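Working notes for the structure below.
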Amino acid sequence: MFDLPFDFPPFEAGSVWLVGAGPGDPGLLSLLALHALRNADHVIHDALVDSRIVALARPGAVTEAMGKRGGQQSSSRQADITERLIELAKQGSRVLRLKGGDPFVFGRGPEEALALAAAHIPFRVVPGITAGIGGLAYAGIPVTSRDTNAAVAFVTGHGADGDIPDGFDWDALARGAPVLVFYMGLKHLERMVARLLAAGRKPAEPVAVVCDAATPRQKVVETTLADLAATVAVAGLVPPALLVVGEVVGLRSRLDWWRPE
Ligand code: SAH
């Protein structure tokens, strides 16, 4: 593929590789991810993975879409996916489980890896560029900058039970992290905003909504915390979308470098 001064690890028959595909742009794939695509027998990919990436699978590989679209996924479907991975590996296939962004960031990758470990299926994890960092970079928004924030929090807007997540302290989150990046944040938007405002975040604080980041459909809308729900409704914004709250949003006016090709 490339003339590289090192060897890739062999993709063993009967093993599963959990691979991150990045936020969208095929150029953001890692070399290991491309190696896996070129060697897998079965590619089981999330609906979020860009079709140009799936098309990089070796000719003859079987590709199957299984899994989430913008955070909507029932637990029974997740059980189907893990069962399928185990079944194919037991049949001696080289199985590539290809997930959007990074497989261990809000993506059920840990559940899949735990099921593989329990079934004694050898597996490897290939990290990917998560949407909350790389996707925002394509929108001209750095997640940290020296002048604005020394901390950032990544938060899911969608708990395991489908409701707004309650496993953490919203007041502490709002007070503790100057920049908040929400994945799957559109569903419970109004309640999340209410919690942040109740915890002292300013209504005028800048927010960006970034849809389909790093894809030809990328759309970015800037608003404020107080106007967020109305802006999303009026602009008709739909998943997959990231919400970023904080001063870094203001850097976008100077850093908006990317034009979808
Ligand atoms: N593992 C993934 C996240 C999976 S959860 C990662 O590391 O990026 C799915 C959520 O990720 C979506 O609802 C959305 O909030 C976010 N997301 C993933 N890809 C995105 C993209 N290209 N643009 C905007 N948001 C994206």
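The values are calculated or read from the model by the stated rules, or taken from the named source; none is laboratory data. Everything numeric here is computed off the predicted structure, so don't read it as measured data. Here the Cβ positions follow ideal geometry from the backbone for every residue, glycine too, while neighbour counts run over all protein chains shown.
When we screen Ala61, Ala21, Ala57 for residues that are within 13 Å of the ligand (Cβ to nearest atom), under 29 Å from Glu261 (Cα atoms) and either hydrophobic (A, V, I, L, M, F, W, C) or assigned by TED's automatic domain parsing to the domain that holds Asp161 (or both), the only hit is Ala21. The condition of being without any contact (Cβ under 8 Å) to a residue 60 or more places away in the chain, away from the ligand (no atom under 13 Å from the Cβ) and in contact with a strand residue (DSSP E or B) (Cβ under 7 Å, 6 or more places away or on another chain) holds for only one of Val245, Val193, Val207, that being Val207. Taken together, Trp258, Trp170 contain a single residue that is surrounded by fewer than 17 Cβ atoms within 10 Å (Cβ to Cβ), in contact with a helix residue (DSSP H, G or I) (Cβ under 8 Å, 6 or more places away or on another chain) and in contact (Cβ under 8 Å) with a residue 12 or more places away in the chain, which is Trp258.
The single condition from (1) surrounded by fewer than 18 Cβ atoms within 10 Å (Cβ to Cβ); (2) away from the ligand (no atom under 11 Å from the Cβ) that Lys187 fails is (2). Residue pairs whose Cβ atoms lie under 7 Å apart, sitting 6 or more positions apart in sequence or on different chains, and linking a residue in segment 100-116 that is closer than 21 Å to Gly24 by Cβ to a partner that is more than 8 Å from the ligand (Cβ to nearest atom) and of a type in the set (S, T, N, Q), are Arg108/Gln78. Residues in segment 112-160 that are more than 9 Å from the ligand (Cβ to nearest atom) and in a helix (DSSP H, G or I): Glu112, Ala113, Leu114, Ala115, Leu116, Ala117, Ala118, Ala137.
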